[in-house]
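The values are calculated or read from the model by the stated rules, or taken from the named source; none is laboratory data. Keep in mind that this is a model prediction, so the values were computed, not measured. When we count neighbours, we look across all protein chains shown, and the Cβ atoms used for this are built from the backbone with ideal geometry, even at glycine. Note: accessible area is taken over every heavy atom of the protein model, side chains too, but ligands, DNA and RNA are not part of it. Shrake-Rupley method; radii C 1.70, N 1.55, O 1.52, S 1.80 Å.
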Amino acid sequence: MKPSNKLSKILLEFSIYHTIKGDSFKPRAYEMASESVAALGNEIKQTWQSGGIKALKDLPGIGESIAEKIDEFYRTGKIKTYAKIKKEFPVDMYELSQIEGLGPKHIAELWKYLKVKNINDLKKALANNKLKDLPRWGKKSQDKIARQLKLYEQSSKRMLLGHILPIADDMVDNLSQINDVKRCTYAGSIRRREETCGDIDLIATSNHPQKVINAFCNLPQVKSVHEKGKTKASVRLHMGIDADIRVVKDEVYGATLQYFTGNKRHNVLLRQHAQKKGFTLSEYGLFKLKRSDIGRKTSDVGRNLVACKTEEQIYSKLGMDTPPPELRIGEDELEAAKKHKLPKLLPYGSIRGDLQVQSNWSDGSASIEELARAAKKQRLDYIAITDHTKSLTIAGGLDEKRLARQGKEIDKLNKKLRSFKILKGTECDILKDGKLDLSDTALAKLDFVGISVHSQFGLSEKDQTTRVIKAMSNPHVHCLFHPTCRLIGKREAIKLNMDEIIAAAKKYHVLLEINSMPERMDLNDRWVRAAINAKVKLVINTDAHSPDHFTLLQLGESTARRGWATKKDILNTKSAEQLLSWLNK
Ligand code: DGT
Ligand code: CA
Ligand code: CA
Ligand code: ZN
């Protein structure tokens, strides 16, 4: 996960530095701490304030020596050993590591031979063709880094929803605590739950807008102020993106929220519809036009105001239901709203079990029991343990023997945990020829068989589609995990004929996954909707590799909602018993 604040960035740099130094244990510890800090947001500082080092140590992924460093950071504003590292190695390791394919060893070599400190230096080195002449690099590596840099730059102006949401939530929390603020929320692409967002758009209501603007510009997340007016402001955050705020009177909250939620196309279409019905719509409200008003400025027709308090009032005066923000993309949602045919979207918090979870039997960070307890805390009723299989050697994949041993441990845990159920599963690799990485006998013993592509990403569409469908046709298979394998901003989707994949899912009774990892969100909204239209069932999983990942389920739920999913389309909204009986059909 991308760090959502300075501390988490520092911890990630520690991890990279220790990798370069060849340390075997510290890199993973720091990486986990970095993820943990990012996921906790405001909570980490509160934990430190209330319980110091001792309380920090109780957080997932944070041990003694890292807790001491966090304590030092909050007490003194810096970490001495970090300053030392930066002196020896003055490289923006965090920034460079965001480029896929640029590992710690590469970062060290780029510094050693070319004095590359950051992405700007890297760009210059690439422009001068310098990388190919480094020992062990060559033209192929140079071209690959150039391609990845381009992908990174296209995406870096936008941030992943899963990374921006905690920051937006923190800012809203901070502002809501001010006495002069009546209501505060985010709008724009975050409220629509787009998979990436360009900036944070906040709305607050107050009778003292100037106070709110001052507080906004002084939030701890703010690095510098672009623009500060009486009722609006725009700032740059430490995380490298902007935030805007608009402060209005509480009476016009609905109109302002509607306008700033967008998207632009949705607003344009809605305004055209309003005009046809003899209204005008703005961020201040919906106004009825009298004949004498036509041609006058919107600001002059205030006496004809018909709705502004809530979004529902506005849409209803326009003769339609209110489309949930996730559907407001300016396609067919307004037509459906007029005909009262909007779907009853999957409510947030509907998922009862997570069906893709990796434990420390392969590349996860926690034991099966720790994962089960964390899932239970997140109000889940069951999880499937789906560790990788043997061909993924770097992830410590399981062979048939270890899988059988794991099954015995799960039996024991199920007796111990009682009210919570752990299903025996796998994330079985799809081999190049479409065969699976485990024997049919081993697969037959599992409750839940997920299959994934983790290699051969470059096959042609025809070969890739044939390969995946062959794997789906195995009668033991229940679910295709992260079907397109894309990593937003890092790796393109594999070439698949998705219509054929969806048809195969229907034919072979295979579930398609909506993977909730911020950079995956795979399937995406478009393919979710196509799958639902084809009557294919889906599941929403986190792909958890640590106990704090279960909170990511809400991201998969947003994607499902953007794909018009209702509760009945998503199979893991059912109880474990109902799910198992569906799987065994
Ligand atoms: P982003 O920031 O690129 O992820 O996407 P948005 O949708 O958050 O876009 P942003 O931040 O430029 O504007 C927020 C909302 O404000 C947008 O969704 C709709 C509204 N808005 C902004 N500019 C215009 C405009 O020129 N016309 C209309 N109708 N609405 C606008
Ligand atoms: Ca925005
Ligand atoms: Ca904006
Ligand atoms: Zn996977």
Residue in the range 82-101 that is hydroxyl-bearing (Ser, Thr, Tyr), surrounded by fewer than 18 Cβ atoms within 10 Å (Cβ to Cβ) and in contact (Cβ under 8 Å) with a residue 24 or more places away in the chain present:
yes
Kindly indicate whether any position in the range 168-176 is touching a helix residue (DSSP H, G or I) at 6+ places or on another chain (Cβ under 9 Å) and among the hydroxyl-bearing types (Ser, Thr, Tyr).
no
Take the range 415-439 and flag every residue that is open to solvent by 30 Å² or more (accessible area, probe 1.4 Å) and not basic (Lys, Arg).
Ser419, Leu431, Asp433, Ser439
Number of positions in the range 317-368 that are aromatic (Phe, Trp, Tyr) and open to solvent by 50 Å² or more (accessible area, probe 1.4 Å):
1
Would you pick out the residues in the range 105-119 that are assigned to a helix (DSSP H, G or I) and over 11 Å from Leu149 (Cβ atoms)?
Lys105, His106, Ile107, Ala108, Glu109, Leu110, Trp111, Lys112, Tyr113, Leu114
Return the only residue of Ile53, Ile66, Ile44, Ile85 being more than 29 Å from Phe550 (Cβ to Cβ) and in a helix (DSSP H, G or I).
Ile85
Search result, residues across the range 195-239 that are free of Cβ contacts under 8 Å to residues at least 12 places away in the same chain and outside any strand (DSSP E or B):
Asn214, Asn218
Out of the residues in the range 448-473 that are open to solvent by less than 30 Å² (accessible area, probe 1.4 Å) and small (Gly, Ala, Ser), state the one that is nearest to ligand 4 (Cβ to nearest atom).
Ser452
Quick check on Ala255: is it in contact with a strand residue (DSSP E or B) (Cβ under 8 Å, 6 or more places away or on another chain) and within 12 Å of ligand 3 (Cβ to nearest atom)?
no
Check Asp133 against each of (1) at pLDDT 95 or above; (2) exposed (fewer than 15 other Cβ atoms within 10 Å of the Cβ) and name the one condition it does not meet.
(1)
